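The values are calculated or read from the model by the stated rules, or taken from the named source; none is laboratory data. Keep in mind that this is a model prediction, so the values were computed, not measured. With ideal geometry, Cβ positions are generated from the backbone for all residues, glycine too; neighbour counts draw on all protein chains shown.
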Amino acid sequence: MALPTHMKFGIFMAPFHRLGDNPTLALERDLELIQRLDELGFDEAWVGEHHSAGWETIASPEIFIGIAADRTRHIRLGTGVISLPYHHPLMVANRMVLLDHLTRGRVMLGVGPGALVSDAVMLGIDPELQRERMEESLGIIMRLFNETEPITYKSDWFELNDAVLQLRPYQKPHMPVAVASVQSPSGVALAGKHGAAVLSASIPRDSSGEAQLSYLWDVAEESASKHGKTVSREEWRLSIPVHLAETREKAFAEARQGAGQFQREYFEDTIGRKPEKPLPVDEIIDHMAGLGHWIIGTPDDCIAGIEKLMERSGGFGGLLVMAQDWAPREAILNSYELMARYVMPHFQDSLTGLEISNQWSRDRTTELMAARQASIARARDSYVQQR
């Protein structure tokens with residue numbers, strides 16, 4: 001298992017907001033959260049696109065990123081994701097290149113087919129065509145990023161006539177591109193085809209609940225080899241719900257009700273993913289954490305959870321917390337701070353020098369203390385003599 005030299009940490013912001021919450025204030029909290037993550041040293045934030053179902057209220061990640069970029073200094077901002085079948089590929093490329101310049105190269109393009117069937121139905125798109133349209137669109141977008149000769153192309157759902165990007169990407173050769181992988185292997189296969197990064201917004205599991213992570217990466221590498229590309233595990237990001245506190249009991253207590261309501265009201269009641277054996281709302285968090293689907297507990301529990309994911313996957317380069325309002329606001333912010341203070345350093349090699357220096361001092365306490373005392377004695381003697 002190859003560990004990354006510097007694991008990336010960030011959030012995957014759909015966002016998820018329960019019905020009844022003031023949507024204007026919820027969006028402001030989303031922006032404030034990214035500001036706080038920027039201050040805490042998180043690497044990136046990925047922002048989603050949705051148009052229906054009432055929970056995920058950002059319709060344009062590009063507009064949201066433009067505002068977030070103005071409020072932050074360092075954190076990189078990605079579309080997580082733009083649903084390509086909903087847009088003309090030339091418009092997607094142009095908007096992202098504009099953001100690339102306005103942010104001086106802090107943006108990343110994440111793409112997907114569209115997660116909500118309700119979005120596709122509203123737009124008159126056959127859900128069975130979404131993945132093939134995403135693949136067709138991404139192929140054109142990559143050509144627009146990399147080619148300067150005008151492109152003419154006719155599809156059954158969009159058309160290009162001598163199309164070219166008049167504003168070239170700020171990042172060279174272009175901004176990072178990532179493909180979402182939710183349930184099927186089509187996302188990782190497409191990422192491999194273009195040598196793109198992978199955003200595992202959900203972790204596929206077999207009938208026993210075991211994460212099928214190594215299988216996903218095998219698909220990505222096989223596809224990359226077939227198309228003469230390469231993929232890097234360091235550009236593979238996994239997204240998982242996380243809530244941390246100073247004790248395990250406190251973490252479970254803070255998120256218990258909200259996490260259960262999220263699973264019941266969003267995934268089961270709104271999306272329609274019914275479990276085989278429904279659980280009481282206040283027991284859902286124990287079940288999901290027990291299976292390793294969520295990480296709930298202390299920073300040490302989080303470190304252990306990430307290491308277990310590393311073992312199952314063979315190694316990945318980024319962990320994205322699935323941002324949710326499932327605990328009091330102060331507890332949510334504390335969870336991110338605990339991650340920044342105690343989890344991120346473990347995977348980013350930022351403590352090695354301090355640990356070496358501390359151990360060096362511990363190993364020499366006797367001689368160092370003797371030298372200190374000798375120095376004090378000499379200073380005292382010198383003072384006496386001068387008097």
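Remarks
- Taking region 171-193 as the range and being surrounded by fewer than 24 Cβ atoms within 10 Å (Cβ to Cβ), in a helix (DSSP H, G or I) and at pLDDT 95 or above as the test, the residues that pass are ALA189, LYS193.
- Scanning region 108-126 for residues that are crowded, with 16+ Cβ neighbours inside 10 Å and hydrophobic (A, V, I, L, M, F, W, C) turns up MET108, LEU109, VAL111, ALA115, LEU116, ALA120, ILE125.
- Residue match in region 84-93 (condition: touching a residue at least 60 places away in the same chain (Cβ under 8 Å), more than 25 Å from GLN263 (Cα to Cα) and of a type in the set (Gly, Ala, Ser)): yes
- Filtered residues of region 98-110 (kept if touching a residue at least 60 places away in the same chain (Cβ under 8 Å), within 21 Å of the chain's Cα centre (by Cα) and assigned to a helix (DSSP H, G or I)): ASP100
- Restricting region 26-73 to residues that are among the hydroxyl-bearing types (Ser, Thr, Tyr) and either closer than 21 Å to LEU98 by Cα or not assigned by TED's automatic domain parsing to the domain that holds TRP236 (or both), the residue that is surrounded by the most Cβ atoms within 10 Å (Cβ to Cβ): THR72
- When residues of region 291-315 are limited to those that are at pLDDT 95 or above and among the hydrophobic types (A, V, I, L, M, F, W, C), the one surrounded by the fewest Cβ atoms within 10 Å (Cβ to Cβ): ALA304
- Considered as a group, the residues in region 2-24 that are assigned to a strand (DSSP E or B) and of a type in the set (A, V, I, L, M) include one that is farthest from ILE75 (Cα to Cα), and that residue is ALA14.
- Some residue of region 98-107 being at pLDDT below 95, crowded, with 17+ Cβ neighbours inside 10 Å and of a type outside the set (D, E, K, R): no
- For region 264-282, taking the residues that are over 15 Å from TRP55 (Cα atoms) and surrounded by fewer than 12 Cβ atoms within 10 Å (Cβ to Cβ), the one that is nearest to the chain's Cα centre (by Cα) is identified as ARG273.
- Filtered residues of region 316-335 (kept if β-branched (Val, Ile, Thr) and surrounded by fewer than 18 Cβ atoms within 10 Å (Cβ to Cβ)): none
- Restricting attention to region 241-263, the residues that are over 20 Å from the mean Cα position of the chain (by Cα), surrounded by 22 or more Cβ atoms within 10 Å (Cβ to Cβ) and of a type outside the set (A, V, I, L, M, F, W, C) add up to 1.
- Taken together, LYS154, LYS172 contain a single residue that is more than 23 Å from ARG106 (Cα to Cα) and free of Cβ contacts under 8 Å to residues at least 40 places away in the same chain, which is LYS154.
- Count - residues of region 197-220 that are part of a helix (DSSP H, G or I) and either modelled with pLDDT under 55 or touching a strand residue (DSSP E or B) at 6+ places or on another chain (Cβ under 8 Å) (or both): 4
- Matching entry among LEU190, LEU138, LEU213 (being of a type in the set (A, V, I, L, M, F, W, C), touching a Lys or Arg at 6+ places or on another chain (Cβ under 7 Å) and under 23 Å from LYS8 (Cβ atoms)): LEU213
- ARG76 of a type outside the set (A, V, I, L, M, F, W, C), in contact with an Asp or Glu (Cβ under 6 Å, 6 or more places away or on another chain) and modelled with pLDDT of 95 or more: yes
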